[in-house]
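**Q** The structure is given below, and queries will be raised subsequently.
Taken together, the values in this text are just the output of simple stated rules run on the coordinates, not laboratory data. Nothing here was measured: the structure is a model prediction, and the numbers come from that model. Heads up, the Cβs are rebuilt from the backbone with ideal geometry, glycines too, and the neighbour counts pull from every protein chain shown.
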Amino acid sequence: MTTQTLQSPESPLREAVGSVLYEFRWLLSDTAMMTWRNLMHYRRNPETLASTIAGPVMFLLLFNYVFGGAIGAGRDFNYIDYLVPGILIQNNLFTVMNTGIGIAQDLQKGFVDRYRSLPMARSAVLGGRVCATTLVSFASVYWTLAIALIFGMRFHGGLVPALILPLVVAAFCFAFAWVSALVGVSVRNAETASSSTFFIAIPLTFLSSTFVPVETMPGWLQAFAEVNPITHVVNLCRNLAQGGPLASYAWVTAFWIALMVIGIGSLATWRYRRIA
Amino acid sequence: MNQPAEIRDRSAFGELLSAIAVESRWLIADTAVMTWRNLIRYRRSPELFIFSTASPVMFIFLFNYVFGGAISTGDLNYIDFLMPGILVQTTLFSATQTGVGLAEDLQKGMVDRYRSLPMARSAVLGGRVVTEALVSLFVACLMLAVGYVIGMRFHGGFWPGFAVPFMVAGFAFGFSWVAALIGTSVRNAEGAGSLMFFVVFPFTFLSSAFVPIETMPGWLQPFTSINPVTYAVDLGRGLSQGGPILTNAWPTLLWTLAFTFIIGPVAVWRYRRV
């Protein structure tokens with residue numbers, strides 16, 4: 001056998017940097033490819049989007065018209081203005097919980113075994129799922145806002161904060177998708193992963209300021225709701241849409257996003273590497 | 001062939017009467033057997049039972065603790081206001097099991113086996129509906145116990161309070177006929193399940209079950225105030241908290257009778273055809 005002499009006479013440092021860059025470029029393009037593959041799934045099976053599309057409409061109608069009168073009575077806000085940022089986070093959190101279901105499905109059906117035989121970055125499988133659900137939830141923000149504007153929600157916080165709002169929601173969804181990814185690689189079973197929506201997303205969204213002000217809850221529940229990251233991101237979104245202090249909520253939200261992306265994201269990737 | 005001696009001597013009318021008596025005795029006995037069969041299924045597959053008890057408990061906690069503080073109900077405590085609503089909502093949700101179970105029996109060919117047996121056909125439906133009423137009675141008592149633990153109190157006296165679970169079970173019995181009609185019409189467990197969702201959800205949420213209907217927008221009130229669920233919930237509230245009983249008792253009774261004697265025969269008729 002003959003060894004090929006393709007290596008250029010560069011310094012080891014430049015070589016290392018070059019190979020990292022090279023790897024990184026592959027990671028990006030592989031992730032983009034996997035994202036595209038997952039988005040194609042949505043196009044081919046539009047019914048998987050049903051709850052993403054119908055969810056916000058149902059929750060808006062139910063909470064605004066049925067419960068809104070009793071919740072909003074005697075308060076200084078218009079209930080729909082209060083409600084919409086909550087629904088944005090709640091519905092999209094439910095949407096990104098599909099990340100883990102998709103990953104568990106791929107693991108269960110042996111799809112991941114096929115990927116392993118391909119010359120591609122391994123973490124692109126997770127990254128692709130996370131990016132796909134994040135993009136879907138980003139689109140869903142605009143859909144929900146369009147519906148909300150029709151039903152009477154208005155922005156009172158100025159143009160720039162209103163434009164930032166969808167980005168905040170998408171960033172939080174991206175981070176939360178990693179939590180779901182960790183669930184997916186840990187349970188490796190689509191049904192169990194989908195029941196985790198029930199056990200993670202529902203308590204987090206309902207025990208927060210999503211639908212009612214935290215002050216109206218009993219004291220022991222307030223203790224949880226106050227530290228719940230959902231409360232902070234919902235309050236941030238609410239103040240972006242309606243005006244109000246941003247900085248304190250923004251810091252806490254940024255902290256949680258960083259924790260979820262860096263901490264839970266790398267844990268999920270590590271677990272995935274071990275099983276895949 | 002010889003006719004049996006006992007029939008020969010009777011008048012035509014007497015014969016008819018005794019035939020009806022025999023038939024209805026069989027109908028009752030067959031319904032009891034079918035009810036027993038359905039109840040055994042609850043014992044054998046506990047997830048059915050958990051489905052019908054865990055989600056109501058969750059609803060009680062969710063509405064009482066999470067939303068309760070923000071919902072204004074006038075001079076009633078929210079838990080006192082909520083419990084009758086949750087009871088009716090719970091029994092409606094679990095009545096969907098009638099339709100789903102029936103559709104399952106039809107789908108799996110269980111009903112074909114029944115047809116080969118010398119039994120009253122309507123007993124299959126009747127058994128489901130009676131089961132539902134019994135399960136509702138049990139679940140209602142359980143929910144009231146949970147409600148009592150977290151602070152609900154009866155303010156309407158002992159006997160009216162005692163009547164609440166029976167009233168709820170009666171309403172569930174009536175509504176089960178609607179579920180049975182859906183079950184026999186759809187003949188597919190998933191289809192029946194999702195159709196139920198579209199019937200049960202609007203009826204329970206667009207009612208006085210969770211919030212006073214005065215707080216709803218005007219265009220919603222015409223529906224919410226004639227909704228049978230609103231009457232049943234208000235009756236439960238009157239019985240458990242004191243307040244008008246008769247004004248809500250008549251409409252609730254009428255709806256229950258209408259479900260039983262109008263929807264019920266239609267369901268049986270459809271069932272006979274399939």
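**Q** Ranked highest first by average number of other Cβ atoms within 10 Å, how do A:80-92, B:243-255 line up? Before the final figure, lay out each step's value.
**A** Working: A:80-92: 25.6, B:243-255: 15.5.
Packing order, densest peptide first, comes out as A:80-92, B:243-255.
**Q** Once amide H atoms are placed 1.01 Å from N in the peptide plane, what residues at a sequence separation of 5 or more from A:Ser209, or on another chain, have their amide H within under 5 Å of its amide H?
**A** Answer set, sorted by chain and number: A:Thr231.
**Q** At a threshold of 8 angstrom on Cα-Cα distance, excluding pairs fewer than six apart, so keeping six or more, what relative contact order does the range B:188-257 reach in percent? Numbers along the way, then the final one.
**A** Working: 47 pairs, mean separation 16.6, N = 70.
For the range B:188-257, the relative contact order is 24 percent.
**Q** Select from chain B the helices, each a whole stretch of DSSP H, whose alpha-carbon atoms run 20 Å or more along the helix axis and whose Kyte-Doolittle mean is at least -0.5; answer none if there are none.
**A** Sorted by number, the helices that extend far enough and score high enough are B:12-44, B:46-61, B:78-107, B:122-149, B:158-186, B:189-205.
**Q** Helix-only mean residue ellipticity at 222 nm, chain A, DSSP H runs n ≥ 4 weighted -39,500 (n - 2.57), per residue, nearest 500. What is it? Could the numbers behind the result be given before it?
**A** On the way: 14 runs with 199 residues, N = 276.
Calculated mean residue ellipticity at 222 nm is -23500 deg cm²/dmol.
**Q** Going by the alpha-carbon gyration tensor, a ≥ b ≥ c the square roots of its eigenvalues, is the protein assembly as shown rounded (a/c under 1.5) or, if a/c is not under 1.5, prolate (a/b greater than b/c) versus oblate?
**A** The shape class here is oblate.
**Q** What is the fewest-to-most order of A:Glu215, B:Glu214 by other Cβ atoms lying within 10 Å of their Cβ?
**A** Values: A:Glu215 10, B:Glu214 13.
Ranking A:Glu215, B:Glu214 by Cβ neighbours within 10 Å, fewest first, gives A:Glu215, B:Glu214.
**Q** How many Cβ atoms of partner chains, on average, are near each residue of A:61-70 if near means within 10 Å of its Cβ? It would help to have the intermediate numbers written out before the result.
**A** Working: counts 1, 5, 1, 1, 6, 13, 9, 4, 10, 13.
So the per-residue partner count for this stretch is 6.
**Q** Picking from A:Ser208, A:Gly243, A:Leu88, whose Cα lies most toward the positive end of the charge dipole for chain A (charges on Cβ: Lys, Arg +1; Asp, Glu -1)?
**A** My answer, from the dipole projection, is A:Leu88.
**Q** Something else: For the charge dipole of the protein assembly as shown, defined by +1 on Lys and Arg C-beta atoms and -1 on Asp and Glu C-beta atoms about the Cα centroid, which residue among A:Phe24, A:Thr133, B:Pro56 has the Cα displaced farthest towards the positive pole?
**A** Value computed over the given set: A:Phe24.
**Q** Once you average over the residues of B:58-69, how many Cβ atoms of partner chains fall within 10 Å of each Cβ? All intermediate terms of the calculation are to be shown ahead of the outcome.
**A** Details: counts 2, 0, 0, 2, 5, 1, 1, 6, 11, 9, 4, 10.
Partner Cβ neighbours, averaged per residue: 4.
**Q** Among B:Ser72, B:Ser45, B:Ser55, which one shows the biggest mean-square fluctuation in a GNM of chain B, springs joining Cα atoms closer than 10 Å?
**A** Its mean-square fluctuation being the largest, the pick is B:Ser45.
**Q** Would you work out if chain A is rounded, prolate or oblate? Take a ≥ b ≥ c from the square roots of the eigenvalues of the alpha-carbon gyration tensor; rounded if a/c is under 1.5, else prolate when a/b is larger than b/c, oblate otherwise. Intermediate values should be presented prior to the final figure.
**A** Values: a/c = 2.28, a/b = 1.93, b/c = 1.18.
Prolate, because a/c is 1.5 or more and a/b exceeds b/c.
**Q** Let me ask something else about it. Taking each residue of B:193-206 in turn, how many C-beta atoms of other protein chains fall within 10 Å of its C-beta, and what is the average? Mind dumping the intermediate values first?
**A** Values: counts 0, 0, 0, 0, 0, 0, 0, 0, 2, 2, 0, 0, 5, 3.
Going residue by residue through B:193-206 and averaging, the value is 1.
**Q** A further question on this structure: Rounded, prolate or oblate: which one fits the range B:166-209, using the alpha carbon gyration tensor with axes a ≥ b ≥ c (rounded when a/c is under 1.5, else prolate when a/b beats b/c, else oblate)?
**A** oblate
**Q** Residue-wise, which Karplus ³J(HN,Hα) couplings in Hz belong to the range A:71-87, taking 6.51 cos²θ - 1.76 cosθ + 1.60, θ = phi - 60°, and x for glycine or proline?
**A** Listing the rounded values in order: 7, x, 4, x, 10, 8, 10, 7, 4, 5, 5, 5, 6, 4, x, x, 5 Hz.
**Q** Let me have the 222 nm mean residue ellipticity of chain B computed from DSSP H runs of 4+ only, each contributing -39500 (n - 2.57), with the sum over all residues rounded to the nearest 500.
**A** Details: 12 runs with 206 residues, N = 274.
Taking each H run of at least 4 residues, the total per residue is -25500 deg cm²/dmol.
**Q** Comparing B:Met58, B:Met196, B:Met152, which has the greatest mean-square fluctuation in the GNM of chain B with Cα pairs linked when under 10 Å apart?
**A** Comparing B:Met58, B:Met196, B:Met152 in the GNM, the peak value goes to B:Met58.
**Q** Between 0 and 90 degrees, rounded to the nearest ten: what's the tilt of helix A:12-44 against the longest Cα principal axis of chain A?
**A** Tilt of helix A:12-44: around 50 degrees.
**Q** With labels modelled as points extended 7 Å from the Cα through the Cβ direction, what inter-label distance (nm, one decimal) is found for A:Arg75 paired with B:Arg121?
**A** Between A:Arg75 and B:Arg121, the label points sit 5.5 nm apart.
**Q** Please compute P(r) over all alpha-carbon pairs of chain B, binned at 10 Å starting from zero, and give each bin as a whole-number percent.
**A** Binned Cα distances yield the sequence 7, 27, 31, 20, 10, 4, 1, 0.
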